[in-house]
Amino acid sequence: MRKPIYITAPRPTLEELKKQFPISKASERAIQALADEFKAQLSNREEAPVNSIKQEKRRKSASAA
Amino acid sequence: MPPPPDPKGVFLNIPYDEEFRNLYIAYVVGLFQLDLVPHLASEIPGGDRRLNRIFELIQSCRYSIHDLSRVELSVVPPAAPRFNMPLELGMTITWANLNPDQHTWFVWESEPYRLQRSASDLNGTDPYIHNGTPEGVLRELRNAFHRDSMPSLQGMLHVYRFVYNNFNAILLRNGTHNPYDRSVFNELCMLSRILTDLIRLTRPEVF
């Protein structure tokens, strides 16, 4: 069985990567827009279970009444 | 002697064709999620002889992945076998044998036992089998590399799918159809890193 290589090198910094992979200002803005969209998707996924719990509580209290 | 290699650098020896696009995206996204930094031959500026530049790039990386899953006859006539990937693997093996502390190489394939037929001299080398799927590439990256803080496969796939779905916009913005174009690769790298940071901050449970 192969053993995986254990990586201990520190994470590359964003500044380091910007130098290695230069992009235009327009690309930077586009990436930021995509990041915002991704963040919104992540928070929607986070909220989904909470909303369903709230809905379940409302449903139960309505049926009890 | 060249300077010591980047301990996070991974040279990607992959086919530059349209059919490989999804696996290419999976390699780049997956390596960033493991806090490694992929490098492609297309990054190298012109000037010197191409093979010398590729060799310098291999020397500058601590690791390399050689995907031999598409070493086959080209579809476009005249049909010719694709020797670039085995050639670069051969250069890498020589470099690593002479400098074992400086470089570690991996062979990747889509099918088990195919390597034994296509390159029997590599018998004794266990290839990583990705089954030709992005999920397989991400799974095998997790098998090849380990970090204290590792994302789950599901977390990695989530980032991969988002990048894949937005990849055409990256091509359009850079005015090219070539997924391996330097400007596209740079943007793909920066996007992969920023999304990795985001998922790490907002969904720490996947790490």
For this session: Run the quick spin-label model on B:ASP121 and A:LYS3: label points 7 Å from Cα toward the beta carbon, then report their separation in nm to one decimal.
Result: 2.9
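If you stretched the chain out fully between B:ASN178 and B:ASP17, how much longer would it get, using 0.36 nm times the residue separation minus the C-alpha to C-alpha distance? Could the numbers behind the result be given before it?
Numbers: separation 161, 0.36 × 161 = 57.96 nm, distance 0.85 nm.
That works out to 57.1 nm of additional length.
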Exercise. What nm value, rounded to one decimal, do you get for the distance between B:THR94 and B:GLU135 when each label is placed 7 Å out toward the C-beta?
Worked result: 4.1
For this session: Grab the beta carbon distance between A:ASN44 and A:LYS18, set R0 = 22 Å, and tell me the FRET efficiency rounded to 0.05.
Result: 0.15
Seminar exercise, completed: Here segment B:78-88 yields Karplus 3J(HN,Hα) values (6.51, -1.76, 1.60; θ = phi - 60°; whole Hz; Gly and Pro given as x) of x, 4, 9, x, 8, 9, 4, 5, x, 4, 5
Seminar exercise, completed: Taking a crude spin-label model, label points 7 Å out from Cα along the C-beta direction, the B:GLU43 to B:LEU201 distance in nm is 2.4
Exercise. Looking at B:THR125, B:SER74, B:VAL10, which one has the Cα that reaches farthest to the positive end of the dipole of segment B:6-148 (charges on Cβ: Lys, Arg +1; Asp, Glu -1)?
Worked result: B:SER74
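Subtract the Cα-Cα distance of B:ASN52 and B:ALA169 from 0.36 nm times their separation in residues, and report this length gain in nm to one decimal.
38.8 nm
Other chains near B:143-155: what is the mean number of their Cβ atoms within 10 Å of each residue's Cβ? Show your work: numbers first, answer last.
Details: counts 3, 4, 4, 5, 7, 3, 1, 2, 0, 0, 0, 0, 0.
For this peptide, the per-residue mean of nearby foreign Cβ atoms is 2.
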Problem set entry | Three-way shape label, the protein assembly as shown, alpha-carbon gyration tensor, a/c 1.5 | prolate
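Throughout, read-outs are computed from the coordinates displayed, never taken from laboratory work. Note that the structure is predicted; figures quoted are calculated from it, not measured. Glycine gets a Cβ as well: all are built from the backbone with ideal geometry, and neighbour counts include every protein chain shown.
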